[in-house]
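Here, each number is a calculation from the coordinates, and none is a lab measurement. Computed from a predicted structure; not experimentally measured. Neighbour counts run over all protein chains shown; Cβ positions are idealised from the backbone, glycine included.
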Amino acid sequence: MLSRLMSGSIRSLDREYDCTVRLLDDSEYTCTIQRDAKGQYLFDIICHHLNLLEKDYFGIRYVDPDKQRHWLEFSKSIAKQMKSQPPFTMCLRVKFYPPDPAALKEEITRYLVFLQIKRDLYHGRLLCKTSDAALLAAYILQAEIGDYDPGKHPEGYSSKFQFFPKHSERLERRISDIHKTELIGQSPDTSELNFLQKAQSLETYGIDPHPCKDVSGNPAFLAFTPFGFTVLQGNRRIHFLNWDEVTKLKFEAKTFHVYANQKEDKKIILTYFAPTPEACKHLWKCGVENQAFYKLEKSSQARTVSSSNLFFKGSRFRYSGRVAKEVMEQSAKIKRDPPEIHRAGLVPSRSCPSITHGPRLTSVPRTRRRAVHISIMEGTNINTNCTKHLEDRFFKFPGRREIKGN
């Protein structure tokens, strides 16, 4: 009898596992799910937890043992996508950046996109000149600590917060000047919206950089944005193709090709080399999904594409979500009282802002949520509960020590 009970208990444990998702405010949400659960189930749990309806812009990212990033595929079993044993740790991130953040229907969605772009700025992915950097940082200050108060904010107060990988005292003073004189009276949601609109105007808005090399062996970063395909070298954008110009995306082993038709029927092929075949496949899938999301009028127009010029050879993939136009149409139908958002103030220990969440799904047992505190003081990391945000830190622009000027 005892052996049967123990056997049943082991089988029960084998059918369930813990999954932790790090949210955009650096808090964590952990739940126990069935072993055969698909990615869509976990994603729905997280969106329910956040009270998020405009969820098509977001995805769940994980990093495999080889430090290769992946987006969780919602139509497939979670356990079968992982290359490690449970418990699993993943991250909620913006997967498709809104072409116009101001057009988002709900403030909760704008707030989450704000957190993502603030993260992009901090990790050196959102490149900008000094004047833009100062304005963006000042918007963050206004949104998270409110109006300048000489009684609370002594000289040099902005130096306690790190908005970029590294910045100068001169930039800190400019951030403080803007915050003190130009943003007084702005509410958090207004400052966040202004931040989003400014970020959206930058060339590197929405990029998720993939490290590659060109045919001459020079390092480059490839990225897909709401507006097209872009290539960066150093801090400069050297190629840009809008989505209407891109005709095919192909890869074989570590080689990635972009086929495009430009003005006057000029056909071009751009070729780059990824670090590994797995990285190249991930790059290709990201490109296929981004092009479908931003270019197509309807999701029914999505077709299965092949990674090779021969359809029966190579990998095949089909984008299965809604497209941007459908997402906007669906958002317009949202009719509810805006969910409450609780923004914790920005403090030197970088205690993360929190959100007032909706009720948990009763079908999800043993849920728990705990804050993860990360010091933003230079050279200090007191986050002992998780890996060092590999999904953010693994890909950085080389030599990106400080925000450059023009």
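What the table shows:
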{"read-out": "Most to least packed among 181-187, 123-129 [average Cβ atoms within 10 Å]", "value": "123-129, 181-187"}
{"read-out": "Calculated FRET value between ASP337 and LYS67, using beta carbons and R₀ = 35 Å, to 0.05", "value": "0.25"}
{"read-out": "Convex hull projection area averaged over all views, segment 141-193, Cα basis, nm²", "value": "3.7 nm²"}
{"read-out": "Segment 6-139 - Rg (one decimal) and Dmax (whole number), Cα, Å", "value": "17.4, 65"}
{"read-out": "Extension gain (nm, one decimal) between GLU16 and LYS263, 0.36 nm per residue minus Cα-Cα", "value": "83.4 nm"}
{"read-out": "Net lengthening on full extension, SER300/ARG236 (0.36 nm per residue, minus Cα-Cα)", "value": "19.4 nm"}
{"read-out": "Dimensions (Å) - segment 140-249, Cα atoms, principal axes, largest first", "value": "58, 28, 16"}
{"read-out": "Positive-end extreme of charge dipole, segment 1-151 - chosen from GLY146, PHE114, LEU92 (charges on Cβ)", "value": "LEU92"}
{"read-out": "10 °C / 1.306 mPa s Stokes-Einstein diffusion coefficient of segment 31-70, Kirkwood radius on C-alpha pairs, µm²/s", "value": "136 µm²/s"}
{"read-out": "Segments 328-337, 273-282, 210-219, 88-97 sorted - mean Cβ within 10 Å per residue, highest first", "value": "88-97, 273-282, 210-219, 328-337"}
{"read-out": "Gyration tensor over alpha-carbon atoms, segment 198-332, equivalent ellipsoid semi-axes in Å", "value": "23, 20, 14"}
{"read-out": "Normalised contact order of segment 211-345, rounded percent, pairs of Cα under 8 Å and 6 or more residues apart", "value": "17 percent"}
{"read-out": "Residues ASP244 and ASP177, FRET efficiency given R0 of 41 Å [Cβ-Cβ distance, rounded to 0.05]", "value": "0.45"}
{"read-out": "With 5 Å bins from 0: P(r) over segment 74-196, alpha-carbon pairs, percent", "value": "2, 10, 19, 18, 16, 12, 8, 6, 5, 4, 1, 0"}
{"read-out": "LYS76/SER168 FRET efficiency (R0 45 Å; Cβ-Cβ; nearest 0.05)", "value": "0.45"}
{"read-out": "Of LYS213/LYS298; LYS250/LYS295; LYS118/LYS166, pairs whose Cα-Cα distance is over 25 Å", "value": "LYS213/LYS298"}
